[in-house]
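Let me begin by presenting the structure, written as structure tokens, before commenting on it.
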Amino acid sequence: MRFFILFLFSIFIASHSYGKILKPSKGIIATSNSHASKAAHDIIKKGGNAIDAAVAIQLVLSLTEPQATGIGGGAFMLYWDAKSSKLFSIDGRETAPSKAREDLFLNKEGEKIKFYPDAVVGAKSVGVPGIIRLLEDTHKKFGKLAWKELFDYAIRLSEDGFPVSPALHNTLGYLSYLKTVEPAGSIYYRKNAEGQKIPIPIGSILKNQEYAETLKRIASLGAEEFYEGKTAQLIIESLKKSDENSLMSLDDLKNYEVIWREPLCQMYRSYNVCSMPPPSSGGLTMFMMLKILEEFDIKNLKPESKEMVHLYSEASRIAYADRSYYMADPDFINVPIDGLLDEKYIDERRLIINQNRAAKVITHGNPSGAGDFEKNIDISKPSTSHFVIVDAEGNSVSMTSTVEGPFGSHLMAGGFILNNELTDFSLIPEINGKKVANRVEGNKRPMSSMTPTIIFKDNQVYALTGSPGGTSIINYVAKSVIGLIDWGLNPDEVVQLPHYMNKGKYTELEKNTVLESLQYELESMGHKTKIMRKRSGLHIALKKNNGFIGGADPRREGLVISID
Ligand code: GLU
């Protein structure tokens, strides 16, 4: 049976598997995982729309990409509703338990605890998950097929099993603590002849009956089951087992709400680019970068040229300097969105850039409306998943979802991973008596970098983009916008561009790319450089000749499928 399924799957892959679709079709599905793309395709074939497909994708990703995302995590969705010609941005970010205090990650001496494993692994880092509520809320408003139907594919795949992918296997290999935490240590590792735990091999079939049971409950009882039923109990039990003083309560789960926020949109050249507002820093930081860069003749610069790397890295340094002081949950602090995007302020910040030399120091500016805060130092280990869907009616979803770091907190409940999103808060609440905007507080949402984006031309969807990648996400997405708009590249070309950026410490140049040859020249321009592996996962759709084409990042395991 197992081989038969594998055989059928390989036939499907042979006929559908593309890291790109170059021939325009009525719609596009691009996700980081072939099963997820196929689940979405099935839903569309059954008459479902982009929102129905998004539900099916996310349920499958929780199973096949547990290292990156899952229903125990959170997400941001941008949704364009074709019928009403309206854009929505939906915040399904995890929330700190009501009892959480700013010293959550401090020891008795008042010092911050070690990031991994101390802060990450265990109940401390787990925020109230938002994905299931986000999926149900959006489905209730816009979905076409019955909620229950959207679960079929993921339930079947959990029961029949799926072949472990290289990405899943490799993550298991480098996470030192996961094998010691149950039940993940038994689900994702096997004992070798010497009795040592080794990551489940690539291609071996992984089943998850417990997750199938969870899905069946949510399929028939809805999100209420997750937040108030057996699944809620399983979540609290898992947290208590890990730490009897864990803070999350059944009430925290019951009270979780998705927030429908005003999308953050800015004109870039003649395009209206829309993205996620705070608590994600994604849209705001990206727009600062784009507005700084808009005055330069980027169109005529080669993407891999020293000049482009220099300008882009300096713009990124400037925007990230402000990001670390002023961005956090807007329901707790006043995020000076208008001040940061004010034309005069941007002009002033742009003056920092010398076209021939990297600035020695770049500090935060003083936008109007900003509070007096200390610097947020954020650490985020890349995991996360991004997908895009355009259906034949033109409804479009750009969604980024996450459990934060690889395998989140390493804890599981009901067959899924529980996030470690609370480590996206500043571990240190204040420095010399001055508060950090992004400190832990009860019911607050940690600042994110996730940047799901939709670009419009003449009020029509022109492109969708987004990526995983920790704090680098914003740079990946901003450059994809420049690639699509300034350089006129197609999605497949955009996802292949080598990455460069500067988030405040050094200019990062992607390893094993042509950028390595620029290191010396950039250093002599005053850049501190570092050659690094970069793990973007851009999934992009672009309008072409009244249809859509798409691309999946070669650094991940994506599959693009066209909708005809
Ligand atoms: N938790 C991160 C955020 O919300 C994403 C982590 C990642 O992409 O790896 O920004």
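For S25, the criteria (1) farther than 23 Å from K140 by Cα; (2) crowded, with 24+ Cβ neighbours inside 10 Å; (3) at pLDDT 90 or above hold in every case but one, which is (2).
Checking each residue of region 535-544 against the condition of being under 27 Å from A321 (Cα atoms), assigned to a helix (DSSP H, G or I) and touching a strand residue (DSSP E or B) at 6+ places or on another chain (Cβ under 9 Å) gives no match.
Quick check, is S480 within 14 Å of the ligand (Cβ to nearest atom), at negative phi and in contact with a strand residue (DSSP E or B) (Cβ under 7 Å, 6 or more places away or on another chain)? Criteria not met by S480.
Can you work out which of the residues in region 30-88 that are within 16 Å of the ligand (Cβ to nearest atom) and aliphatic (A, V, I, L, M) is farthest from F407 (Cα to Cα)?
Within region 30-88, the subset within 16 Å of the ligand (Cβ to nearest atom) is 31-33, 58, 61-62, 65-78.
Going one step further and asking which of them are aliphatic (A, V, I, L, M), we end up with 61, 68, 71, 75, 77-78.
Values: L61: 13, A68: 7, I71: 12, A75: 15, M77: 21, L78: 25 Å.
The extreme case among them is L78.
Looking only at residues in region 70-102 that are assigned to a loop (DSSP other than H, G, I, E, B) and touching a strand residue (DSSP E or B) at 6+ places or on another chain (Cβ under 7 Å), the one that is surrounded by the fewest Cβ atoms within 10 Å (Cβ to Cβ) is E102. For region 215-267, the set of residues classified as without any contact (Cβ under 8 Å) to a residue 24 or more places away in the chain, surrounded by fewer than 14 Cβ atoms within 10 Å (Cβ to Cβ) and in a helix (DSSP H, G or I) consists of K241, L250, listed by residue number. Restrict the check to region 290-297 and report whether at least one residue is charged (D, E, K, R) and crowded, with 24+ Cβ neighbours inside 10 Å. No, that holds for no residue.
Return yes or no: is E304 more than 16 Å from the ligand (Cβ to nearest atom), charged (D, E, K, R), modelled with pLDDT of 95 or more and part of a loop (DSSP other than H, G, I, E, B)?
Values: more than 16 Å from the ligand (Cβ to nearest atom): yes; charged (D, E, K, R): yes; modelled with pLDDT of 95 or more: yes; part of a loop (DSSP other than H, G, I, E, B): yes.
Yes, satisfied.
Of all residues in region 132-179, those satisfying the criterion of being outside any helix (DSSP H, G or I) and not hydrophobic (A, V, I, L, M, F, W, C) are G143, K144, G161, P163, S165, S176, Y177.
The values are calculated or read from the model by the stated rules, or taken from the named source; none is laboratory data. None of the values given here were measured: they were computed from a predicted structure. Don't worry about glycine lacking a Cβ; one is built from the backbone with ideal geometry, like all the others, and counts go over all protein chains shown.
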